[in-house]
Structure formats: C-alpha cells, structure tokens
Amino acid sequence: MTVHHLEAFSFKLFSRDDTTEFLEYLKAKYYIFVKEENWSLPFNDETAAEDDYDTKGLFISCNKNEESAAIARGLISLDNIPYPELYKHHLHHIATHLWPNIASINTVGVKNKFRGLMPLYYSYMIFSLKKPV
C-alpha cells in the first residue's frame, strides 16, 4: 500500500473561464470515468466532452507533482444542477429561499492509484466551494 502525504498534494479551485485548468479537468474526467471506470461518456482525443452544466460550475482539482489525482465539479443553486426535482424532493424541509445557496458536488473522480484519500478530499471540497461574486 502506498501512503500519500497531504503536503505532496496541491488543490486548485477554478471556473470554466480558466481554459488551461478546465482542459486538464476534462482530460482527468476522461481518464477516470472512461479509461478506468469504463463509462460511456462523449469524448474526443482522450478528452471528455464539455457538458451543459460545466458553464455553471466551479471546479476543484487535486494534483500531485503536476499529475491530476482527483477532480470534482460543484454547482451552486438547485436550479443549476442535473435532476433538480430529485434534490428538491429530498430537501423539501429546507425553506425554498435557501435553495439558491445550496451546492451540489458532482462529477467527483479519483484516479485509482490515489484512492483512499476521499474523506480528506471531500472535506477540502466542501469548505472550498463558495458562491461566485
């Protein structure tokens, strides 16, 4: 078993507008979901295709020595997420005026060789996502 130390990792929070980071996100998304997990996602030249929710998202990447180890996309507001009816059904007890401030963390992927760090990674994502100004 390989032990990974936190100080060896860097975390980046970025939007779709950061084209360099976003391209790395799409490459990691392809590698994790298509190559490692055998999902059927649209892609071109070992890069996942951008989807409709990417323009609304905030992204976080976890890297080790310039290699993407993990990725995630956060979508702020229940009106900007896939399947909003599902979330609204499960969150019906929360006042509707709070819905625009709720974030969904999705498209979470960790390369096989870096798995085992998920609790740490989730904690960082939850505290890093914030509503864009």
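No value in this document is a laboratory result; all are computed from the given coordinates. The structure displayed is predicted, hence computed values, not measured ones. Positions of Cβ are backbone-derived with ideal geometry, glycine not excepted, and every protein chain shown enters the neighbour counts.
Excluding T107 itself, what net charge comes from residues whose Cβ is under 15 Å from its Cβ, given Lys and Arg +1 and Asp and Glu -1?
So the environment of T107 carries a net charge of -2.
Going Cα to Cα from K56, which aspartates and glutamates come in below 15 Å? Please leave out same-chain ones fewer than 8 positions away.
In chain and number order, the partners are D17, D18, D79.
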